[in-house]
Amino acid sequence: MSVIWTGLVTFAWICGLLTGRAEAVAAAALDGAAEAVTLCLSMLGALMLWNGVMELLRAAGLAAGLSRMFQPLLRRLFPEAGRDAETLSALTANVTANLLGLGNAATPFGIRAAERMSRTCHGAASDELCRLVVLNTASIQLFPATVASLRSAAGCRTPLDILPAVWVTSAASVAVGLCAEYLLSRTGDRAL
Amino acid sequence: MNLLLPLLLSSVGLCGLWRRADVYASLTRGAEDGFRVVLRILPALVTLLPAVAMFRASGAMELLSAWCAPLLDVLGIPPETAPLLLVRPISGSGALATVGELIRVHGVNSRVGRTAAVMLGSTETTFYTVAVYFGAAGIRRTRHAIPAALAADVTGFVVAALTVRLFFPE
C-alpha cells in the first residue's frame, strides 16, 4: 500500500507538470482530504442504522436459522473439516456473518476455522483452506450496506436498486471462484 | 420502493419482539459497531482520496483508462472503472475512495456509477483477506488460493458490467 500511495502521488505531480495542470493537482490534494471527511460524515448515519438492523436480525435468531440452512451445504464443501464439530460451527458462523454483511464478526470465526484446519498442514495450504479463503474473498453478502450508504450519501433516492445486480454478480463470482479452486487443486499444483 | 424501507424497519422490529430479542439495545449496539467501522476507514480515506484526486486531476487517470480501454471493451467493462479494478483486490478503503470519486464525476445513476457500485458490493479485498487468514493459520505456501480468488474477482467485474447493462438499459 505504501508503494502504491507514493507511486500515485509522485506520478500525479510529474504528469501534472508535463500536462501543465500542476495547479489543479495541488488543489485536488486538499479538496480530496476535505471530501474524505464529508463522505464519511454523509455515510455515517445510514451505515450505523443498517448495522443496527443487521445486529437486531442476528439477535432475533436469523443467524441461527441461516446456520441451520447452510450447515449441510458446508459439510459437503468441507468434508474433512466438517468432521470436527467445532470447526464446522466456526465455518458456519463465518459464512452466516458474511451473508449478513457483518465483516467484523465474520473474520474471528473464519480465523478460528482456519487455525483448526491448518493443524495438519505443515505450512502449505490444504485444498479446503484454499476453499475457505476463496469463499471469504468472493464477497457473499446479501446486503452491501457500505455501498448503499455511499450511494444515498451521493443523493441517490433509490440506493437499493442495484441489489439484484449485486446478487447475480456475487453468485457468479463465488461459483467461478469455487470452480477455479477445484480445477486448480487437480491440475495447477505442480505449476504453482 | 418508497415503502420498502419503512416496511423493512417495522418488520425487523416486529420480528425481534416476536423472538423476544432486546430490539432497542440490539439496534444501538449495531449502530455503535457501524460507527467504529466509519471511524476506522476515515483516516485511510483522508490519506487515499487526495492521492486519487491528484491522480485524476493530473490527467494520469485518463491515460490509464485509455491504455486499458481495448481490453476492457472486449470484456464489456466501462474503461472509466480501470483504476477501481486495479485497487479493489489490494485496498478496501482505496476502492471505496475510487468509487466515491467515480460517482461524484459520472453521477450516481450513470452506467459508470452503477457499475462501480455493483463491483464494490460484490467483491472483496482479496489480498488483505488472504493475508489475514493464512497469516493466522501459519501458512507459507498459499498454493492455488490466490489464482482462484482472482478468478472470482475478474468474474465479478465482468458480470457487474453485464448485469448493470441488462438491468438498467439506457
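The values are calculated or read from the model by the stated rules, or taken from the named source; none is laboratory data. None of the values given here were measured: they were computed from a predicted structure. Using ideal geometry, Cβ is built from the backbone for each residue, glycine included, and neighbour counts are taken over all protein chains shown.
On the stretch given as the stretch A:128-144, residues that are in a helix (DSSP H, G or I) and either without any contact (Cβ under 8 Å) to a residue 24 or more places away in the chain or more than 8 Å from every other protein chain (Cβ to nearest Cβ) (or both) total 5.
Restricting to the stretch A:155-175, count the residues that are facing another protein chain (nearest Cβ under 7 Å) and either over 25 Å from A:Cys40 (Cβ atoms) or in contact (Cβ under 8 Å) with a residue 24 or more places away in the chain (or both). Residues in the stretch A:155-175 being facing another protein chain (nearest Cβ under 7 Å) and either over 25 Å from A:Cys40 (Cβ atoms) or in contact (Cβ under 8 Å) with a residue 24 or more places away in the chain (or both): 8 in total.
Applying the condition of being surrounded by fewer than 20 Cβ atoms within 10 Å (Cβ to Cβ) and at the interface with chain B (Cβ under 7 Å from one of its Cβ atoms) to the stretch A:41-59 and asking which residue is farthest from A:Gly101 (Cα to Cα) yields A:Leu44. Of all the numbered requirements in (1) in contact with a helix residue (DSSP H, G or I) (Cβ under 6 Å, 6 or more places away or on another chain); (2) modelled with pLDDT of 90 or more; (3) farther than 20 Å from B:Leu166 by Cα, A:Tyr182 misses one, and that requirement is (1). Checking B:Leu14, B:Leu42 one by one, the residue that is part of a helix (DSSP H, G or I) and at the interface with chain A (Cβ under 8 Å from one of its Cβ atoms) is B:Leu42 and no other.
Screening the stretch B:146-170 for residues that are within 7 Å of chain A (Cβ to nearest Cβ) and surrounded by fewer than 22 Cβ atoms within 10 Å (Cβ to Cβ) and picking the one that is modelled with the lowest pLDDT gives B:Pro147. Do we find a residue being over 24 Å from A:Pro144 (Cα atoms), buried (at least 19 other Cβ atoms within 10 Å of the Cβ) and in contact with a helix residue (DSSP H, G or I) (Cβ under 6 Å, 6 or more places away or on another chain) anywhere in the stretch A:95-108? Scanning the stretch A:95-108 turns up no residue that is over 24 Å from A:Pro144 (Cα atoms), buried (at least 19 other Cβ atoms within 10 Å of the Cβ) and in contact with a helix residue (DSSP H, G or I) (Cβ under 6 Å, 6 or more places away or on another chain). Residues that are facing another protein chain (nearest Cβ under 7 Å) and either hydrophobic (A, V, I, L, M, F, W, C) or surrounded by fewer than 17 Cβ atoms within 10 Å (Cβ to Cβ) (or both) were ranked within the stretch A:14-26; the one that is farthest from B:Gly16 (Cα to Cα) is A:Thr19. Residues that are facing another protein chain (nearest Cβ under 7 Å) and surrounded by 22 or more Cβ atoms within 10 Å (Cβ to Cβ) were ranked within the stretch B:57-66; the one that is farthest from A:Phe11 (Cα to Cα) is B:Ala57.
If you go through the stretch B:101-130 and pick out every residue that is surrounded by fewer than 24 Cβ atoms within 10 Å (Cβ to Cβ) and of a type in the set (Gly, Ala, Ser), you end up with 2.
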